[in-house]
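Dropping the structure in here first, questions after.
The values are calculated or read from the model by the stated rules, or taken from the named source; none is laboratory data. Because the structure is predicted, anything quoted here is derived from the model rather than measured. Glycine gets a Cβ as well: all are built from the backbone with ideal geometry, and neighbour counts include every protein chain shown. For the accessible areas, the whole protein counts, side chains as well, though only heavy atoms, and no ligand, DNA or RNA atoms are used. Shrake-Rupley method; radii C 1.70, N 1.55, O 1.52, S 1.80 Å.
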Amino acid sequence: MQLNCLQENLSHGLGVVQRAVATRTTLPITQHVLMSTDGGRLKMSATNLEIAISTWVGAEIQEEGAITVPARLLTDFVNSLSKQTISVTTTSPGKGIELKGDRVDATINGADAAEFPPIPSVEDGIATRVDPKLIREAIHQVVLAAAVEDSRPVLTGVNVELEGTSLTLAAADGFRLAVHKAEVLDAVPEKLSMIVPARTLQEVERLIEGDEPIDILVTPQRSQILFRLKNVEIVSQLIQGTFPNYSQLVPQNHTTRVIVDLGELQRATRTASIFAKDGSGIIRIQMSPGTNGAGTVTISSRAEELGDNTGEIEAEVEGEEGKIAFNSRYLSDVLAVLGKDKVAMEMTTSSSPGVIKPVDSDNYIHVVMPMFVQWGE
Amino acid sequence: MVTMDADENRFVALVDLDAFYASVETLEDSTLVGKPLLIGGSPTSRGVVAAASYEARKYGCHSAMPMSRAVKLCPIAVILSPRFSLYHEYSQKVMALLRRESYLVQQMSIDEAYVDLTSMAKTWDEAEGLAHRMQGRIRLDLGLPASVGLASNKLVAKVACETGKPEGFVVVRDGQESAFLDGLMVRALPGIGPQSAQKLRNSGFATLGQIACASLHTMMNILGPYGAVIQRRARGEDPSPVTTDHETKSVSAEETFAEDVSDGQSLAAEIERLSKRVAESLSNHGLVARTITLKLRNTEFLTITRSSSRDRSTADVEAIVADALHLLGVNWVDGDPVRLIGVGASNLRLVHATGQLTMDI
């Protein structure tokens, strides 16, 4: 293999595949990046056997070929260079590469491309396309609710449901549930439900750029999913198992509903979090109706022996007075992904799930389990 | 709890991590590769070996042996204090990996779990492929060596796994059980301990095959009613299902003293320390306990456990300390030397002590 490639292109490509490089493994080759010539471009791939990322960058190909080299070493080397054209040549076949640039010359030992684990190819299966902005927003609003711990693997994933042109993403970690509904561009022939690792979707979110629709392909055995982005392909194993039926967790009615300015609520939450940090993270929210639909929302927290804080924001309050306490992290997490000016909070009792969603939009709902506190009075 | 029907043809794998503590230490510190490792208490006090690497086992060292003896057998061994939280972390990763392969995983200990592959595979070839992949994934993703036994029930899977250690992969297909078991020595069967083995040997039984084809009458003469159970097991019969049971039944912490302790103040201090660990573990799991248990072992290895139940469940350190101290006051004669002390909590209920309510999923 012999080619010339701009330092920026190499660096960009390595940055794209980097998160799929295995960090700790006894199969050292998964810490390599596979470089190969493909259709007049340089293709770079990495896989930790759960997720595989491939990307194509512009290069001037002089001789076709393929090789694998340690990803970390190559990335560190390339990133240390200034912008320039770098020539990449395999040394003796399967041994490594020589990189030559402007007064710089390096060799990196590698391994034969044939030893690299095959990147799963998803050729046929159920296919659709989706608008990049829509899927990005959907992922952004849902992955935060996926479980981080592995004690129940299905909860570390996002349940992705396709039916006709409707796409529903849902994640729940036992304390909160996030559901986002969007549309895909091509109707799927049959209803499809699968659990995609949250980590995979985070990579998709990270790598989306431009306005071109994204191809999604699921293997007929429902074991793998492919996301084809501009110049990037992400293939991931799906999590096997059954996602809990979450529809019953979404409260069907409420006795108190408030509408507040998102920015103000975020600020008050941030302030309350300072005190909440020392008091099991509890933020208390009191919703008080006033006259003509006007009212106030009081946000308070206290730290035993340290002090307390109370903030008040103006709100439209419908229904009865309501009191509910949330973990400060769960509250700030959801507020951070809402992105609309106005937010609605709905509740019934202080021990029933609270709902947070954007006003004037039905495509997102976030359910948070409250914290049990003594309200006094 | 999830179980599979016991009457259909089953594929059950036992996954057992080889020299688990030692393997983890080697992963964490590559300079230990290939060296005999002994993990456990100090040889100068009364520590015992919690784990020995295969290299150390060649010298005759094994777990539960006093460290002082193990060091005499293998003076060049590297001695490490156990890092249980680290092993626990690795163990959780392994279990999570197994649960990605099958929803029916029964964890037996920190390094051992049964995985039911019945619903994942239709044929033995498929089951073998899945089991092989699990072993490979544990090796590749986590860097840990594991042995796997695959059979149509838990018992045979367990024996198969043991015969292959380390890094073994032993499959005993349906119908091959007697061919596999018959030639094995009686001690290879789980359930036959040193005493039963001695009785069997005295009666001329050396192999499992001999037990399998003996008359029931003979077996019961040798081992009592248990003889019938042993015979069924020696024939490779085990209907017990793989069950998932996430329920924590009790939480406890205990300490073996390096030197016997006979003053009340030191015991109280130890109770406080152990209670703190118990309380922490309870609140980490969002549990509260109604029953607090104190365990005491004296120099004659006589162990007593005494419990007291409360009106209201708790996860509070002070409440646990108070109960345990009360139990100490009632059950310990002042000045009596104590070798081991433990505090436990049982009768558990899930509440999420932090006050965080959970979803019903």
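How well do other chains shield peptide B:89-101, expressed as the mean number of their Cβ atoms within 10 Å of each residue Cβ?
3
Using a 10 angstrom Cβ neighbour count of at most 13 plus a DSSP loop assignment to flag exposed GluC sites (Glu not before Pro), which longest range of chain B is free of such sites?
The answer is B:9-166.
Using the Cα atoms of the protein assembly as shown, I'd like the radius of gyration and the largest Cα-Cα distance, Dmax, both in angstrom.
Spelled out, the Cα radius of gyration and Dmax of the protein assembly as shown are 30.6, 95 Å.
Carbon and sulfur together cover what percent of the accessible area of segment B:179-234 at a 1.4 Å probe radius?
Ligands and nucleic acids excluded, carbon and sulfur give 58 percent.
Give me the percent of Cα-Cα pairs in segment A:126-231 that sit more than 18 Å apart, rounded to a whole number.
It works out to 44 percent of all Cα pairs.
State in Å² the accessible area per residue of segment B:84-227; use a 1.4 Å probe, count heavy atoms of protein chains only, and round to the nearest integer.
About 43 Å² of surface per residue is accessible.
I'd like the FRET efficiency for residue B:349 and residue B:83, computed as 1/(1 + (r/R0)^6) with the beta carbon distance as r and R0 of 30 Å, rounded to 0.05.
0.45
Distance in nm between label sites at residue A:252 and residue B:331, each 7 Å beyond Cα in the beta-carbon direction?
5.2
Treating segment B:21-83 as a set of equal point scatterers at the Cα positions, no solvent, please give the Debye-formula log₁₀ I(q)/I(0) at q = 0.13, 0.15, 0.24 Å⁻¹.
Result of the Debye calculation: -0.26, -0.34, -0.89.
If you don't mind, another one. Taking the Cα centre of segment B:21-83 as the origin and placing charges on Cβ (Lys, Arg +1; Asp, Glu -1), which of B:33, B:78, B:68 is farthest toward the positive end of the dipole?
So the residue furthest toward the plus end is B:68.
A further question on this structure: Given the rule -39500 (n - 2.57) for each run of at least 4 DSSP H residues, summed and divided by the residues of chain A, what is its mean residue ellipticity at 222 nm, to the nearest 500 deg cm²/dmol?
Values: 6 runs with 67 residues, N = 377.
Helices in chain A give a 222 nm mean residue ellipticity of -5500 deg cm²/dmol.
Specify which residue in the list A:18, A:58, B:331 is farthest towards the positive end of the charge dipole of the protein assembly as shown, using unit charges on the beta carbon of Lys, Arg (+1) and Asp, Glu (-1), about the Cα centre.
Checking the options against the dipole of the protein assembly as shown, the answer is B:331.
While we're here: With a bin width of 10 angstrom, please list the P(r) values of segment B:164-249 as percents of all Cα-Cα pairs, from the 0 bin to the one holding the largest distance.
16, 44, 26, 13, 1
Same structure, new question: Quick one: with all protein chains in place, what share of the accessible area of chain A is carbon or sulfur, to the nearest percent (1.4 Å probe)?
46
While we're looking at this one, here's another question. Rounded to the nearest 20 debye, what is the charge dipole size of the protein assembly as shown about its Cα centre when +1 sits on each Lys and Arg Cβ and -1 on each Asp and Glu Cβ?
So the dipole magnitude of the protein assembly as shown works out to roughly 2080 debye.
Let me ask you something else. Using only the alpha-carbon atoms, how far is helix B:124-142 inclined from the longest principal axis of chain B? Give it as 0 to 90 degrees, nearest 10.
Approximately 40 degrees, to the nearest ten.
Still on this structure: Which lysines, on any chain, are close to residue B:154 with Cα under 21 Å apart, when same-chain ones fewer than 8 places away are left out?
Straight-distance partners of residue B:154: B:122, B:165.
Then there is this: Find the sum over both chains of the accessible area lost when A and B are paired, probe 1.4 Å, and report it in Å² to the nearest 100.
Values: alone 18200 and 18490 Å², together 34510 Å².
Looking at A and B, the buried total is near 2200 Å².
For chain A, what are the DSSP H helices with axial Cα length of 18 Å or more and mean Kyte-Doolittle hydropathy of at least 0.0?
Values: long enough: A:262-276 (20 Å, 0.11).
Answer set is A:262-276.
Which Cα, out of A:224, A:248, A:235, lies furthest along the positive dipole direction of segment A:126-248 (beta carbon charges, K/R +1, D/E -1)?
Final value for the positive-end residue is A:248.
Quantify how strongly other chains surround peptide A:230-243 by giving the mean number of their Cβ atoms within 10 Å of each of its Cβ atoms. Can you show the working numbers first?
Working: counts 0, 0, 0, 0, 0, 0, 0, 1, 0, 2, 6, 4, 1, 1.
Neighbouring Cβ atoms belonging to other protein chains average 1 per residue here.
While we're on this one: Could you list the residues of segment A:299-339 with an amide nitrogen less than 20 Å from a label point located 7 Å from the Cα of residue A:267 in the Cα-to-C-beta direction?
A:299-301, A:309-317, A:331-339
Which whole number gives the average count of other chain Cβ atoms within 10 Å of the Cβ atoms across peptide B:130-143?
Mean partner-chain Cβ count within 10 Å for B:130-143: 2.
Report the calculated FRET efficiency for residue B:45 and residue A:91 (r = Cβ-Cβ distance, R0 = 51 Å), to the nearest 0.05.
0.35
Over the Cα atoms of chain B, what is the Rg over Rh ratio if Rh follows Kirkwood?
Taking Rg over the Kirkwood Rh, I get 1.00.
Kindly state, to the nearest 0.05, the FRET efficiency for residue B:259 paired with residue B:109, given R0 = 25 Å and r defined as their beta-carbon distance.
0.25
To the nearest 20 Debye, how big is the dipole of segment A:126-248 about its Cα centre, given +1 on the beta carbon of each Lys and Arg and -1 on that of each Asp and Glu?
Magnitude of the dipole: close to 220 debye.
How compact is segment A:273-377 by the rule of thumb for globular proteins, expressed as Cα Rg over 2.2 N^0.38 Å?
In units of the 2.2 N^0.38 Å rule of thumb, it is 1.06.
So what are the ³J(HN,Hα) numbers for segment B:333-341, from phi and the Karplus equation (6.51, -1.76, 1.60; θ = phi - 60°), rounded to whole Hz, Gly and Pro as x?
Each residue's phi maps through the Karplus curve to give 8, 3, x, 5, x, 10, 9, 9, 9 Hz.
Tell me what chain B gives for mean residue ellipticity at 222 nm when only DSSP H runs of n ≥ 4 count, each as -39,500 (n - 2.57), the sum divided by the residue total, rounded to 500 deg cm²/dmol.
Value at 222 nm, helices only: -12000 deg cm²/dmol.
Per 20 Å bin from zero, what fraction in whole % of the C-alpha pairs of chain A is there, up to the bin with the longest pair?
Whole-percent P(r) values from 0 Å outward: 26, 43, 26, 5, 0.
Rounded to the nearest 10 degrees, what's the angle between the helix B:154-164 long axis and the longest principal axis of chain B, both from Cα atoms, 0 to 90?
80
Relative to the present Cα-Cα distance, how much length would full extension add between residue A:294 and residue A:72 at 0.36 nm per residue of separation? Walk me through the numbers before you get to the answer.
Values: separation 222, 0.36 × 222 = 79.92 nm, distance 5.78 nm.
Using 0.36 nm per residue and subtracting the Cα-Cα distance, I get 74.1 nm.
Roll a 1.4 Å probe over the protein heavy atoms and report the accessible area of residue A:148 in Å², nearest 10.
Accessible surface of residue A:148 is approximately 140 Å².
Heavy atoms only, probe 1.4 angstrom, no DNA, RNA or ligands counted: give me A:89, B:314 ranked by accessible area, highest first.
Ranked list, largest accessible area first: A:89, B:314.
Work out, step by step, the length gained on full extension between residue B:76 and residue B:63: first 0.36 nm times the residue separation, then minus their alpha carbon distance; give nm to one decimal.
Result: 3.0 nm gained on full extension.
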